[in-house]
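Asks: The structure that follows is given in the form of structure tokens.
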Amino acid sequence: MSKNTDKAIDLKILKIDAHYIKARYKDDRFNARIYNSRTANALLKDTQEVLEWFTKNLKLKTSF
């Protein structure tokens, strides 16, 4: 994505984005078989790590 983010964060962002697109356009792309509590928890964890990375590295203020 950018030379300013590390590869692990880039991969998490890409994974989160792919799930967002599938859920957003659920009539075309949503597969209910892959969405369960394990998948949801993993996505939430990745999202938290991405937000923490941005907060720390870009010195953003948090409200979460």
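Asks: If r is the Cβ-Cβ distance from Leu51 to Tyr25 and R0 is 25 Å, what FRET efficiency results, to the nearest 0.05?
Replies: Computed FRET efficiency for Leu51 and Tyr25 comes out at 0.55.
Asks: Follow-up question, since we're still on this one. So, in nm, how far is label Ala8 from label Leu44 when the simple model puts each one 7 Å beyond its Cα toward the Cβ?
Replies: So the label points at Ala8 and Leu44 sit 2.1 nm apart.
Bear in mind that the values in this text are calculations on the coordinates, not laboratory data. Here the structure is a predicted model, which means the values were calculated and not measured. Here the Cβ is made from the backbone with ideal geometry for all residues, glycine too, and neighbour counts use every protein chain on show.
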